[in-house]
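Each remark here refers to the structure printed beneath this line.
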Amino acid sequence: MEATKVRVRFAPSPSGDLHVGGARTAFFNYIFARQNKGKFLLRFEDTDKSRSTNEAIANIMASLRWLGLRWGEVPYRQSNRQSLYERAAKLLLDEKKAYYCFCPKGGCTLNCRSFDEKKIAQYQAKEVQPTVRLATPTTGTTTFEDLIKGKISVENKNIDDYIIMRSDGGATYNLAVVVDDQAMEISHVIRGDDHLSNTPRQIALYQALGYQIPQFAHLPLIAGSDKKPLSKRHGDVSIEEFKKQGYLPEAVLNYLALLGWGYDEKSTFFTVDDLLEKFSLERVSKNPAVWDSKKLLWLNGEYIRRLAMDEFMSEVKRRLQRLGICDLNQSRFEMISRLIQDRIKTFSEAAPLIEFFYRRVSPDDSAIALLRETKDSAILLRRVIEALKLLNNFRYYEIENDLRFLAETLKIKPALLFQLIRVSVSGRTVSPPLFESMEILGKEESIKRIENSIYRCIA
């Protein structure tokens, strides 16, 4: 393997959606590979047939594509590489660097490492299906330089003779990883902190097989606000869910980059091009990163506001179409879009917020409650209708001026009157700017909706 050839891999277990921890690992590998003009590879560690699914594989690949993390070469699957693991195990057995273990599941009680050929034959005659264990060194120290954590040393006496082949003939995680990393010429293993304890074990296996040992870098884990490892109990943390909720991949990647890495104390916004210039493993923290859903939401809102109008409209249009709203007048749609671009933080908010422009929606519970519980609401809305009918120029500033004057005449707080009008025309207590919305709806439609809501006041 050439010293300068950088090849890294993202190796998820395909048992579910791609979550943020895995996505960050993939992203850091991807950036590192591109910085060094290397290859970013994808490998599915799917030897656990009880948990691995083709659906999960498809989902993970779709999530990586959505994030823009393109891998080189065909995705590898460990389930297709069993013969490689068997050859490696046989080599270790032939060289007495591994041994058959006939101990019952759950313990190593027979001292199988010391068995001679005769003893092994006796157990094989009993048709006991053995595992294969690595004969790890019993003296000395295993030391490696972690690119994030620095020098790490483990006494070999603390590394057990772990199983590399199960009794059913399947390879275990540690054997498959080492054989695959060698076969794929992986130069750097960039993975989560939870794999740190595996590294001395794997180095022992690299050495036993005569493989070149890659460089290691262990990323800090991502924790929730309770400082415990991030999981579903902290909320939605899968990339697929962020996609459904209307997050932008650029915003998600930006936030993932900030989890455990930082360029300085003030910089927050980073494009992929920025990171190609500024990212380094040396700047990755040794401490766990804390997940902050509110910061991601804020960041996504900022990215939405920075979109060109045609990009913004294209995404909103797709979501309106899912509601069956397909006939969109371009100029009117652009006016509506300009009302909400600065007001939403995810695209999932867009269609429900502007649906009322395209069809009359049933008022939600809070809107109905406001109409029924506000004193004299029907009388107030009738006065609004009278005022609107007198307007010749139905522009938003004229509407606002006229209704503010009406509120003053009625000796009612403008905010209360405007909220009654809002729920009448939109069916919601939260909407785009009221007077601009009424202008877009038009005088006739606005009045008609207010008339309809009067019946709800007295129902």
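Please list the non-local residues whose amide H lies under 5 Å from the amide H of Tyr76, H modeled 1.01 Å from N, same-chain partners needing a gap of 5 or more.
The list, which skips near neighbours in sequence, is Leu42, Arg43, Phe44.
Label 7 Å along Cα→Cβ of Phe269; the range 300-325 residues with amide nitrogen under 13 Å?
300-308
Among Phe356, Phe242, what is the fewest-to-most ranking by other Cβ atoms within 10 Å? Could you put the intermediate results ahead of the total?
Values: Phe356 19, Phe242 24.
Arranged by neighbour count, lowest to highest, Phe356, Phe242 become Phe356, Phe242.
Between helix 414-426 and the chain, what is the angle of the helix's C-alpha long axis to the longest principal axis, kept within 0 to 90° and rounded to the nearest 10?
70 degrees
Please compute the modelled spin-label separation between Glu55 and Tyr455, points set 7 Å along Cα→Cβ, answer in nm with one decimal.
According to this spin-label approximation, the distance is 4.5 nm.
Please identify the cysteines of the chain that lack any partner cysteine with a Cβ under 4.7 Å from their own Cβ.
That list is Cys103, Cys108, Cys326, Cys457.
What is the spin-label model distance, in nm, from Ala369 to Ile152 if the labels are put 7 Å beyond Cα along the C-beta direction?
5.3 nm
Quick check on the chain: helices-only [θ] at 222 nm, where DSSP H runs of length 4 and up contribute -39,500 (n - 2.57) each and the sum goes over total residues. Nearest 500, please.
Working: 19 runs with 216 residues, N = 459.
Value at 222 nm, helices only, nearest 500: -14500 deg cm²/dmol.
Using the Karplus curve 6.51 cos²θ - 1.76 cosθ + 1.60 with θ = phi - 60°, work out ³J(HN,Hα) for each residue of the range 245-256 in order, rounded to whole Hz, and write x for Gly and Pro.
6, x, 7, 8, x, 5, 5, 5, 4, 4, 5, 4
Once you keep just the Cα pairs under 8 angstrom separated by 6 or more residues, what percentage relative contact order results for the chain?
Details: 640 pairs, mean separation 58.8, N = 459.
Contact order relative to length: 13 percent.
Spelling out what I want: for every residue of the range 129-145, take phi, set θ = phi - 60°, compute 6.51 cos²θ - 1.76 cosθ + 1.60 (Karplus), and round to whole Hz; glycine and proline get x.
Working through the residues one at a time gives 7, x, 8, 10, 10, 6, 8, 6, x, 9, 10, x, 9, 9, 10, 9, 9 Hz.
Estimate the FRET efficiency between Ser231 and Leu391 by the formula 1/(1 + (r/R0)^6), using the beta-carbon distance for r and 56 Å for R0, to the nearest 0.05. Mind showing how you got there, number by number?
Working: r = 56 Å, r/R0 = 1.01.
Calculated transfer efficiency: 0.50.
Against the longest principal axis of the chain, how steep is helix 198-209, in degrees 0 to 90 to the nearest 10, with axes from Cα atoms?
The helix 198-209 is inclined about 40 degrees to the chain.
Once R0 is set to 51 Å, what does the formula 1/(1 + (r/R0)^6) return for the Cβ-Cβ distance between Ala62 and Gln124, expressed as a FRET efficiency to the nearest 0.05? List each step's numbers first, then the result.
Values: r = 47 Å, r/R0 = 0.92.
Once the sixth-power term is evaluated, E becomes 0.65.
Excluding residues on the same chain fewer than 8 positions from Lys151, give the aspartates and glutamates whose Cα lies under 20 Å from its Cα.
Asp193, Asp194, Glu282
Spelling out what I want: for every residue of the range 20-33, take phi, set θ = phi - 60°, compute 6.51 cos²θ - 1.76 cosθ + 1.60 (Karplus), and round to whole Hz; glycine and proline get x.
Running phi through 6.51 cos²θ - 1.76 cosθ + 1.60 with θ = phi - 60° gives 5, x, x, 4, 5, 4, 4, 5, 5, 4, 4, 4, 4, 5 Hz.
Once fully extended, how much extra length lies between Arg166 and Asp376, figured as 0.36 nm per residue of separation less the alpha-carbon to alpha-carbon distance? Can you show the working numbers first?
Working: separation 210, 0.36 × 210 = 75.60 nm, distance 7.76 nm.
Roughly 67.8 nm would be gained on extension.
Sum up the charges of everything whose Cβ sits under 15 Å from the Cβ of Lys278, counting Lys and Arg as +1 and Asp and Glu as -1, but leave Lys278 out. Let's see the in-between values first.
Working: positive: Arg34, Lys266, Arg283; negative: Asp264, Glu265, Asp273, Asp274, Glu277, Glu282.
That sum, taken over residues with Cβ under 15 Å, equals -3.
Amide H of Leu147: which non-local residues (sequence gap of 5 or more, or other chain) have their own amide H closer than 5 Å, using H built in the peptide plane?
So Leu147 has HN proximity to Phe216, Ala217, His218.
Say the cut-off is 29 Å between C-alpha atoms; which of Lys39/Lys227; Lys149/Lys295; Lys244/Lys443; Lys37/Lys295; Lys39/Lys345; Lys278/Lys345 go over it?
Working: Lys39/Lys227 34 Å; Lys149/Lys295 27 Å; Lys244/Lys443 36 Å; Lys37/Lys295 32 Å; Lys39/Lys345 35 Å; Lys278/Lys345 27 Å.
Beyond 29 Å between Cα atoms: Lys39/Lys227; Lys244/Lys443; Lys37/Lys295; Lys39/Lys345.
In what sequence, highest mean first, do 48-59, 180-191, 379-390 appear when ranked by Cβ atoms within 10 angstrom? Intermediate values should be presented prior to the final figure.
Working: 48-59: 13.2, 180-191: 20.4, 379-390: 15.6.
Descending mean neighbour count gives 180-191, 379-390, 48-59.
To test your reading of the geometry: what angle, between 0 and 90 degrees and rounded to tens, separates the Cα axis of helix 293-305 from the longest principal axis of the chain?
Once rounded, the angle reads 60 degrees.
Return the long-range amide H neighbours of Tyr247 (sequence gap of 5 or more, or a different chain), with a cut-off of under 5 Å between placed amide H atoms.
The answer is Phe347.
Using the alpha-carbon centroid of each, what span in Å lies between the range 209-281 and the range 380-459?
With the range 209-281 and the range 380-459 each reduced to a Cα centre, they are spaced 47 Å.
Would you mind getting me the FRET efficiency between Glu241 and Ser314? Use the beta-carbon distance for r and R0 = 22 Å, nearest 0.05.
Details: r = 22 Å, r/R0 = 0.99.
That pair, Glu241 with Ser314, gives E of 0.50.
Values quoted throughout were computed directly from the atomic coordinates according to the rules given, and no laboratory measurement underlies them. This one's a predicted model, so the numbers in the text were calculated from it and none came from an experiment. Quick reminder, even Gly has a Cβ in these numbers, built from the backbone with ideal geometry, and neighbours come from all protein chains shown.
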